[in-house]
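Peer 1: Sharing a structure, written as structure tokens. Questions coming.
The values are calculated or read from the model by the stated rules, or taken from the named source; none is laboratory data. This one's a predicted model, so the numbers in the text were calculated from it and none came from an experiment. Every residue, glycine among them, receives a Cβ derived from its backbone with ideal geometry; neighbour counts consider all protein chains shown. Ligands, DNA and RNA are stripped out before the accessible areas are found, and what is left, the full protein with its side chains, is counted by its heavy atoms. Shrake-Rupley method; radii C 1.70, N 1.55, O 1.52, S 1.80 Å.
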Amino acid sequence: MKALCWTGINKLQIETVDDPTILNDHDVIVKVLLSTTCGSDLHLLGGYVPTMRAGDVLGHEFIGEIVERGPAVSKHQLGDRVVVCSFISCGNCWYCQNDLFSLCDNGNPNPGIPEALWGQAPGGCYGYSHALGGFAGSHAEYIRVPYADIGAFPIPDGVSNERAVFASDAAPTGWMGADLAGVKAGDTVAVWGAGGVGQMAARAAMLLGAERVVVIDRYPERLAQVRDRVGAETLDYTNTEILPELRELTGGRGPDVCIEAVGMEAHKGRIDGVYDQIKQQLRLETDRPTAVREAIMAAKKGGSVFVLGVFGGFVDKFPLGAVMNKGLTLRSAQQHGQRYIPQLLERMATGELQTEHLATHTMPLSDAPKGYAMFKNKTDGCVRAVFKP
Amino acid sequence: MPKLTTSALTIVGGVAAALTVDHLLQKRSVQNKTSRERWRAVTVLASPDAISRDEEYPAPLQAVIEFLDVRTSPAPDGVSTELRARLKQTKSAEAGIRKLTGLAPESAIRASLRDAKQIVETGEVLRVLPRPEGHRPATPGGVLVDLAEQRAKG
């Protein structure tokens, strides 16, 4: 089959690879219908995640049709149209039983690698380096899905492929950020990053009852999507000072909840952004936490900050003093998608949650290297490039 | 040099020296327990009966059981079980487990515990190979990733 392979830093290539096979009884093989780029892929592409191997198949956010199933699979039939959670979780360990699916004890066959990096291992993830299991990704014609009864969900009739594909990762990730940050009625919520995950976090905050939601970014087309498709307010950090602006918007208090949806390659024109760029290039810090710092400084006393953006290692000048002295609650996680996907599909079916506008560029899988270039450089207003194998 | 600066440097130097001594003492204390003596453990979401039936453990652990001391005890949550293993304190145990598994004893113990836990919790050991993959050039970075993956269970 054809698949998009990472072949080195900022190098991608369509290659012919072996078809996946059933390896465990709980596996299914899915014929991929749509597979989307994700901002976190850019960290892999750019070499910021050191456990990538030339030849790895990328992609973790996808939908497809079940074409083969293992003998232990009971919830799915051949021909089912399913959305698959990007994180691989067994459903039976303590973490899965407590709705912390991305922390699954059994979903990552390479636990020693993340244990060396982080002390403990999260679950596995498709197409997301050997630290997260070394699973082949979804930018391919077919993909093997382990623990299919736990991680694959039937797509309701009437929900389009273009809407459903974002139930795999962007929508549950955003929803989790708003939910676990404790958004409640009357809150003011600020979201850093107007990509797919940031937009979904903003929409989730609104549906969870937030009184006011403000999204911060610098790309006009993304900020326009936030206003027109999500219904939240926007701030462009290139033409306004974010901290005083947020204080002014909130009567001097600061947002109740701050959600960071940017990750380790944050951009910022100011001195702190330049500082982080230099330190990261010199490998004196692995990640650029510019947006996290700002979220912490912006949050109201006693408020909460949720880090949704992907970080892999170490950061510098982390404002721990602000966290402590303002009494903030700081949380983070890879997405516990299995916890949220069923209700998100229902919301998609009713039209309450719309996502298809994120797919600004849909193209054949053969054009995926071009799609990633557009996505990385944000050319032609690209929010997400989505591939049709 | 101003007196204040000298005092500050003295304080900083003193603190650094104290931290170094403390670190070395802690290191010595940690080294008192050898790797061979240490118990490796996993917590399994199951009762002790589900882990060991008629003194028979799941196959990955049973395969190396002759070289190990194994214990189970209830976890504090009242539902899970802590499953522990360490190498028997004999020379033949180390050589035997190395010969059987091809792994260092610590790695072999960790891998057998993880796999035993998976079998109890999910019924099988999750596999990832063979997987679809493109051309794998033998770059230095790639070789390191391959080595890391080969040892990633231990």
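Peer 1: Looking only at segment A:7-19, which residues are farther than 10 Å from A:ALA140 by Cα and either touching a strand residue (DSSP E or B) at 6+ places or on another chain (Cβ under 6 Å) or among the hydrophobic types (A, V, I, L, M, F, W, C) (or both)?
Peer 2: A:THR7, A:ILE9, A:LEU12, A:GLN13 - these are the residues of segment A:7-19 that are farther than 10 Å from A:ALA140 by Cα and either touching a strand residue (DSSP E or B) at 6+ places or on another chain (Cβ under 6 Å) or among the hydrophobic types (A, V, I, L, M, F, W, C) (or both).
Peer 1: Do we find that A:LEU78 is of a type in the set (A, V, I, L, M) and away from chain B (no Cβ under 11 Å) in this structure?
Peer 2: Criteria met by A:LEU78.
Peer 1: As an exercise: evaluate A:ALA185 against (1) more than 9 Å from every other protein chain (Cβ to nearest Cβ); (2) touching a helix residue (DSSP H, G or I) at 6+ places or on another chain (Cβ under 7 Å); (3) without any contact (Cβ under 8 Å) to a residue 40 or more places away in the chain; (4) surrounded by fewer than 24 Cβ atoms within 10 Å (Cβ to Cβ) and give the number of the one condition it does not meet.
Peer 2: Unmet for A:ALA185, out of (1) more than 9 Å from every other protein chain (Cβ to nearest Cβ); (2) touching a helix residue (DSSP H, G or I) at 6+ places or on another chain (Cβ under 7 Å); (3) without any contact (Cβ under 8 Å) to a residue 40 or more places away in the chain; (4) surrounded by fewer than 24 Cβ atoms within 10 Å (Cβ to Cβ): (2).
Peer 1: Additional query: So which helices (runs of 4 or more DSSP H) stay within segment B:77-154 end to end and still have 1 or more residues that are open to solvent by 40 Å² or more (accessible area, probe 1.4 Å) and at pLDDT 95 or above?
Peer 2: B:91-101, B:105-122
Peer 1: Mind listing whichever residues of segment B:88-114 are touching a residue at least 60 places away in the same chain (Cβ under 8 Å) and charged (D, E, K, R)?
Peer 2: Of everything in segment B:88-114, those that are touching a residue at least 60 places away in the same chain (Cβ under 8 Å) and charged (D, E, K, R) turn out to be B:GLU106, B:ARG110, B:ARG114.
Peer 1: So, one more: Within segment A:140-154, take every residue that is more than 11 Å from chain B (Cβ to nearest Cβ) and within 20 Å of the chain's Cα centre (by Cα) and give me the one that is most open to solvent (accessible area, probe 1.4 Å).
Peer 2: My answer is A:PHE153.
Peer 1: Going by what's in this entry, would A:GLY119 be described as on the phi > 0 side of the Ramachandran plot, surrounded by fewer than 24 Cβ atoms within 10 Å (Cβ to Cβ) and facing another protein chain (nearest Cβ under 10 Å)?
Peer 2: So A:GLY119 does not fit the description; no.
Peer 1: Could you check segment A:254-269 and list, in sequence order, the residues that are open to solvent by 20 Å² or more (accessible area, probe 1.4 Å), free of Cβ contacts under 8 Å to residues at least 60 places away in the same chain and in contact with a helix residue (DSSP H, G or I) (Cβ under 8 Å, 6 or more places away or on another chain)?
Peer 2: Listed by number, the residues that qualify are A:HIS267, A:LYS268.
Peer 1: Considering only residues of segment A:9-32 that are open to solvent by 80 Å² or more (accessible area, probe 1.4 Å) and more than 25 Å from the chain's Cα centre (by Cα), which is nearest to the other protein chains (Cβ to nearest Cβ)?
Peer 2: Going through the qualifying residues, I end up with A:ASP18.
Peer 1: Looking only at strands (runs of 3 or more DSSP E) that fall completely inside segment A:1-53, which ones have 2 or more residues that are under 17 Å from A:PHE87 (Cα atoms)?
Peer 2: A:28-36
Peer 1: May I pose another question? Are there helices (runs of 4 or more DSSP H) fully within segment A:196-297 with at least 2 residues that are closer than 23 Å to A:MET176 by Cα? List them.
Peer 2: A:196-207, A:220-225
Peer 1: Report whether or not A:ASN108 is crowded, with 23+ Cβ neighbours inside 10 Å, part of a loop (DSSP other than H, G, I, E, B) and within 14 Å of chain B (Cβ to nearest Cβ).
Peer 2: So A:ASN108 fits the description; yes.
Peer 1: If you go through segment A:90-102 one residue at a time, do you hit one that is facing chain B (nearest Cβ under 10 Å) and more than 23 Å from A:PRO172 (Cβ to Cβ)?
Peer 2: The answer is no, given that none of the residues of segment A:90-102 is facing chain B (nearest Cβ under 10 Å) and more than 23 Å from A:PRO172 (Cβ to Cβ).
Peer 1: So which residues in segment A:70-103 are in a loop (DSSP other than H, G, I, E, B), farther than 18 Å from A:VAL28 by Cβ and open to solvent by less than 60 Å² (accessible area, probe 1.4 Å), if there are any at all?
Peer 2: A:CYS93, A:LEU100, listed by residue number.
Peer 1: For segment A:298-315, what are the residues that are touching a Lys or Arg at 6+ places or on another chain (Cβ under 8 Å) and either surrounded by fewer than 20 Cβ atoms within 10 Å (Cβ to Cβ) or under 29 Å from A:ALA131 (Cβ atoms) (or both)?
Peer 2: Those that are touching a Lys or Arg at 6+ places or on another chain (Cβ under 8 Å) and either surrounded by fewer than 20 Cβ atoms within 10 Å (Cβ to Cβ) or under 29 Å from A:ALA131 (Cβ atoms) (or both): A:LYS301, A:GLY302, A:SER304, A:VAL305, A:PHE306, A:VAL307, A:VAL315.
Peer 1: Identify the single condition in (1) within 14 Å of chain B (Cβ to nearest Cβ); (2) over 18 Å from the mean Cα position of the chain (by Cα); (3) under 13 Å from A:VAL83 (Cα atoms) that A:ASP157 does not satisfy, given that it satisfies every other one.
Peer 2: Only one criterion in (1) within 14 Å of chain B (Cβ to nearest Cβ); (2) over 18 Å from the mean Cα position of the chain (by Cα); (3) under 13 Å from A:VAL83 (Cα atoms) is unmet by A:ASP157, namely (1).
Peer 1: Output yes when any residue across segment B:59-72 is acidic (Asp, Glu), under 20 Å from B:GLY123 (Cα atoms) and open to solvent by 20 Å² or more (accessible area, probe 1.4 Å), and no when none is.
Peer 2: no
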